[in-house]
Structures are given as structure tokens and as C-alpha cells.
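Worksheet: one structure, shown below.
The values are calculated or read from the model by the stated rules, or taken from the named source; none is laboratory data. The structure displayed is predicted, hence computed values, not measured ones. Ideal geometry is used to build each Cβ from the backbone, glycine not excepted, and the neighbour counts take in all protein chains shown. Quick note on the areas: whole protein, heavy atoms, side chains included, nothing else; ligands and nucleic acids left out. Shrake-Rupley method; radii C 1.70, N 1.55, O 1.52, S 1.80 Å.
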Amino acid sequence: MRDMPVTVLGFGAMGRARHVSYPNVAKYYGDTPINPYVAQGFVLPHEADAARKLGWDVNLDMMDAIKNDKSEYVDICLPNALHHSAALAAIEAKKHVFCEKPLALTVAEAREMTEAAEACPGLLNSVNFIYRRVPANVFARKVVQENWFGKLLEARSYYNQSWGGPGTGGGWRFDAKAGGGTLADLGSHAIDMLYFVTGMRPSEVSAAQVAHVKERMFSVTKEDGTQAREPRKIEVDDGTRVVYFLPNGGIGSLECTRNAPGTYNTQGYEFYFEDGAIKWSYDDVNYLWIFESKERARGWRRVLCNDGGYTYCHFGGGHMDGYRDFLTSQCYENMRAIEGMDNLAPIATFRDAYEVERTCEAIRRSHRERRWVKLDEID
Ligand SMILES: NC(=O)c1ccc[n+]([C@@H]2O[C@H](COP(=O)([O-])OP(=O)(O)OC[C@H]3O[C@@H](n4cnc5c(N)ncnc54)[C@H](O)[C@@H]3O)[C@@H](O)[C@H]2O)c1
């Protein structure tokens, strides 16, 4: 096992989560080929003291943090608009790159990042579509790959949260030039999960998007350096609803919103096949529900999937997994990929995330132009 110095960019929820996950890779997985550790962190000036208290070697210059020789691997935990410049700089510096989702704000940016990454085959390019690390989803994928139930006829995906009501101020997630709205934030996960489990992406979409709150208060830094609050018009979606065709002739729907009171991180899917069905919800994250039409005693079966037989298992079957376990598993899979080992379940590459961007753009175009949009139209 060799050590791998990592640079983490950003000290928000995801940046701090890395502080937990990287040191745990070797603790969770005895066979890890590489032991990653956080060698350096880029943070904003007001975050520096807190980062140092966690033991980070703090760097306030993002480009220097990416390019200097303190690390071999850059982990991008920044607002979405910064993923593009950070990833391109890291690839140019010949570093492995792990990027938060969504990969970029536009299809053009995502394509440029993907092409740059694929021009360097020795470097990792991985995107944190983390729900691929949930054992129940890995099992769902196996059910489809082994064709247990025949053709997928109908699909339903959802990713809903509750925090985006009128009283919520405008952070970068509500800024079209920094975040890209709810579809980019939540819908991107659901689009990737459809592909991960079923192997299919929508071929044609029809969508409606809405901004329930037309104006929000944003914090701004004035010319004299003081902070103020100012109202700004909102140009991104609070909620999105999509219907789509699949390449096999099946149909599906997708919904995402931050305006569903009582649903804090409620995401999931229901996939209906010719001879059965599967469904999963993050609210019951360790279980996959399965229905087999041909059984004589038909009924939904709730299958516990973290007993070690499905994929990731850390502390013995039935010791329930949560977000920090999935992130540790993702970091472990990144190390396996760098070492040239097969992943236990495929990681999302930049190309996978570029395909998600194409679907998001088709959805936005459908809403803007009030028409069905074929994915072939988006390149
Ligand atoms: N995969 C997942 O499950 C998941 C979950 C949450 C967030 N995310 C993604 O992770 C990324 C970060 O999200 P977060 O929740 O940690 O955000 P956050 O707002 O909590 O933190 C963002 C951090 O980026 C840095 N930053 C902010 N503005 C900056 C600027 N203008 N210039 C340079 N650095 C700046 C700061 O260190 C800040 O703390 C986003 O792309 C988000 O979509 C992914």
C-alpha cells in the first residue's frame, strides 16, 4: 500500500466530508491499494482558522493549490461554476481529478473537460455521483444486467428536498452563473442513477420547470469590502418535471424540487419491467424492494443489501450504512481505478457526467421552447 497526497478544494459541506472519508479508506478496506490522505486544502480566507483546527495545510490560492507539488490528486468540492477551470488546471498539471457533480454548468464546458481528461488516460477522472456506492443500487443494477424481469417498460425517478421556500436566501445554488438550479443539483443525481441501474438514458424529453420564488436576497461584498444584502431576480428552476422516452421504447418520468416540505433528502426510483419491478428510496437506503410477477405468492420483498453479498461491506452485515460510508467507498473506488484495478461497481467518469449534462440541457431546452427535444439535438 502506498500513500496518496490529496488536495481538497473547498471547505463547505463536501470539502469537510472529505476530511472524514479519505483517512477512513484504509480503515474500512483492508485491501486498499493506496492510502489517501488530505495533504492540502484550498479554503476561503474566512474559513482558514476552522480548516487549520482540523489539521489542514491551508492554501488560500486555488491555482497554486492545484498546481504545486504537494499532491498527486485534486478533489474539487467547489460551487459548480468553478469545476471547469479547476479540473482543466488539474489535468494540465497531470493530477488525478475527482470532481463534485454536476460536472459543469454547460454541455460545452463538460465536453471540454471530458476531452481533456480522456487525452490523459493515466489519470483518474471521476465524478461524485455517490449514490452508485449504495449497495441496494448496485444490486438493482445486477437485477437489470441479469435480465431478471424482461424489458423495462415504465420508470419513475425523484429527488426532492424541502429547504428552498420563500424565506431561503439566495446562495450560489440559486445563481444561474454559479449553481444552475435544482435540476443541476438534484436532477443530475437522478439522471445518473437511471443510467447506472438500467443502462439507459432518455432519448427524448418533454419538461416543465418553475421558479416558485422569483426574487431572493443575496449577500454581496460592496466596493469598500463591507457585506450587504440585495434582492436579485431568480433565473434557475426551483422544481423540474420531465417525461421521457427510453431507447427501448419504454417511458419514464423524473421530478426534482427543493419545495417539498417534509422531504429532506428524499430520492429514489421505481422501475417496472414486463415480469417484475424494483424500487428504492434513500429514506430506506439499505434496502431494495423487489416484486416478482411470476411467483405464486406474490408480494413486495424488502431485501437488506448491506450484508456483504452485494458490494460494499465494512463492519459486518447489517451494520447500517449512511452517507459517510458511501463517500468512503467512493474514495476507495477512486484508488482502485488509479491502481488499474476493476471497480466493485463502476465509478462515474467525466464522460458519464457529460452525458448527464446533455440530458439536463435537453430538459432545459424543452421547457424554454415548449416542445419535445431529442437527445440527438444536443452535442
Ligand atoms: N455528491 C453529493 O452528494 C453532493 C452533496 C452536496 C454537494 N455536492 C456538490 O459539491 C460541491 C460543493 O457543495 P457544498 O455543499 O460543499 O457547497 P458549500 O457552499 O457548502 O461549500 C462550497 C465551498 O467552496 C468554496 N467557495 C465558495 N465560493 C467560492 C468562490 N467564489 N471561489 C472559490 N471558492 C469558493 C468555499 O470553500 C466553500 O466553503 C457542489 O458542486 C455541489 O453540487 C455534492
Any chance you could count how many residues in region 24-56 are within 17 Å of residue 322 (Cα to Cα), assigned to a helix (DSSP H, G or I) and touching a residue at least 12 places away in the same chain (Cβ under 8 Å)? 3
Scanning region 202-226 for residues that are touching a residue at least 24 places away in the same chain (Cβ under 8 Å) and open to solvent by 60 Å² or more (accessible area, probe 1.4 Å), which turns out nearest to residue 165 (Cα to Cα)? 212
Mind counting the residues in region 324-347 that are part of a loop (DSSP other than H, G, I, E, B) and either touching a residue at least 24 places away in the same chain (Cβ under 8 Å) or open to solvent by less than 10 Å² (accessible area, probe 1.4 Å) (or both)? 6
For residue 64: the one exception among (1) at pLDDT 95 or above; (2) farther than 27 Å from residue 225 by Cβ: (2)
Please go through region 57-87 and give me each residue that is charged (D, E, K, R) and without any contact (Cβ under 8 Å) to a residue 24 or more places away in the chain, ordered by number. 57, 61, 64, 69
